[in-house]
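A.B. asks: Please see the structure below; I have some questions.
Derivation of every value follows stated rules applied to the coordinates shown; laboratory data play no part. Owing to the predicted nature of the structure, the values given are computational and were not obtained by experimental measurement. Positions of Cβ are backbone-derived with ideal geometry, glycine not excepted, and every protein chain shown enters the neighbour counts.
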Amino acid sequence: MIEVKDLRVDFWLPGKRLQAVRGVSFEIGDDEIVGLVGESGSGKSVTAAALLQLHRPPQAAVSGSILTDGVESSSLKLSRLPAYRSEHFGYIAQEPSQSFDPLYTIERNFLEMFRIKNPKISKKEARMRAVALLNEVGIARPEERLRGFPHQFSGGMLQRIMIALALGGEGRVLIADEPTTALDVTVQAQIVRLLLDLKKKRHFSVLFISHDLELVSAVADRILVMYGGLILEAGRAEEIRRRPLCPYTQELLKSILHPGIIKKTEECHTITGTPPDPLNPEPGCPFEPRCPKRFAECKKAVPPLKGSNHLYRCLLSETQLTAEGADCG
Ligand SMILES: Nc1ncnc2c1ncn2[C@@H]1O[C@H](COP(=O)(O)OP(=O)(O)O)[C@@H](O)[C@H]1O
Ligand SMILES: [Mg+2]
């Protein structure tokens, strides 16, 4: 339903080009949860902002296309509307406390949001719809809560209100960018539960963005693994979990701490080295410097995405990549 084709985003810094997203293509189907996972700085939020048409020239240069039901979005390069005014997308940000104007009541947020689609909506009707939405996301005493200001709510409650606003905007795809990262663990689980319950009931699509592969694989139907501004692997969540192909994904999975088991530090698997520098991307595979399976060819060019349903970007074959303890080269 939503198709992203060869999305690139560069930022022009004084005298330098920062390549944040380097040609990313993916689809989000109806009623599907797509997980976008990757370490901090891999380009996840920049991708989300491109879908929401938030990047502004001349600092940001965006290319590629975004199609909704086969129709290309009017312009990727020139956007004038603030995030929540996006026609197709609802948006939930990482820091709920920073996503609200401190001077607006919660009711005012709903009113402005409803006015995007229906400029003539009365305050009374807006209030009624806001109350229903707040009920749906589990906010008690919604009439009273509507008169409150953002600072009077906890992070978890603000995140619920953001979800209600996104639902009210009637976007078909909810973009949730690290929606639980700023919250306490117990609240995180509640927010994830809420998103899954609402999705089951209302059947929207979700782009669920997180640095946490464990969380993403629990939530998503399909996973995109992003690294250094590129998608390194994409496939069904169970498939990626069970049979990761890219060495990067394999390493990420190894470093997951299994719930309930606190490993002693010496048993914890970590990926050594640092992610690539987007100001000076190497010509080869972005994971090459840290890859346990690297060989000379990997430095030469970015490997193409291979495969059909389960896509992976690596010069090695599936057989080489899945061979037990294989150290290829
Ligand atoms: N407005 C901006 N101007 C310049 N560089 C940016 C901007 N936004 C993000 N970047 C850079 O783009 C890269 C990808 O960032 P981001 O998408 O936020 O990563 P993440 O995967 O953690 O969400 C990072 O190197 C970041 O510093
Ligand atoms: Mg981010």
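A.B. asks: How do 54-67, 114-127 rank on mean C-beta neighbours within 10 Å, highest first?
C.D. replies: With the highest mean Cβ count within 10 Å placed first, the list reads 54-67, 114-127.
A.B. asks: Want the number for LYS120 to THR322: 0.36 nm per residue separation, take away the alpha-carbon distance, what's left?
C.D. replies: Extra length available between LYS120 and THR322 comes to 66.8 nm.
A.B. asks: Let me ask something additional. For region 114-186, what relative contact order do you get, as a whole percent, if you take Cα pairs closer than 8 Å and at least 6 residues apart?
C.D. replies: 33 percent
A.B. asks: Right, something else. So what's the back-of-envelope 222 nm ellipticity for the chain, counting only DSSP H runs of four-plus at -39500 (n - 2.57) apiece and dividing by all residues, rounded to 500?
C.D. replies: My calculation for the chain gives -8500 deg cm²/dmol from helical runs alone.
A.B. asks: Full extension from GLN190 to SER63: what is 0.36 nm times the residue separation minus their Cα-Cα distance, to one decimal in nm?
C.D. replies: Computed gain between GLN190 and SER63 is 42.0 nm.
A.B. asks: Can I ask one more? Full extension from MET128 to ASP197: what is 0.36 nm times the residue separation minus their Cα-Cα distance, to one decimal in nm?
C.D. replies: The span from MET128 to ASP197 would gain 22.6 nm if fully extended.
A.B. asks: Whole angstrom only: what separates the Cα centroid of region 176-190 from the Cα centroid of region 272-307?
C.D. replies: Between the Cα centre of region 176-190 and that of region 272-307, the gap is 32 Å.
A.B. asks: Continuing with the same structure: Tell me which of ALA176, PHE208, LEU195 sits at the most positive position along the dipole axis of region 170-214, charges placed on C-beta atoms (Lys, Arg +1; Asp, Glu -1).
C.D. replies: LEU195
A.B. asks: Once Lys and Arg get +1 and Asp and Glu get -1 on their Cβ, which of PRO283, PRO96, MET113 lies farthest toward the positive end of the dipole of the chain?
C.D. replies: Farthest towards the positive end: MET113.
A.B. asks: Next up: Using the alpha-carbon atoms, what tilt in degrees (0 to 90, nearest 10) does helix 123-136 show relative to the longest principal axis of the chain?
C.D. replies: 50 degrees
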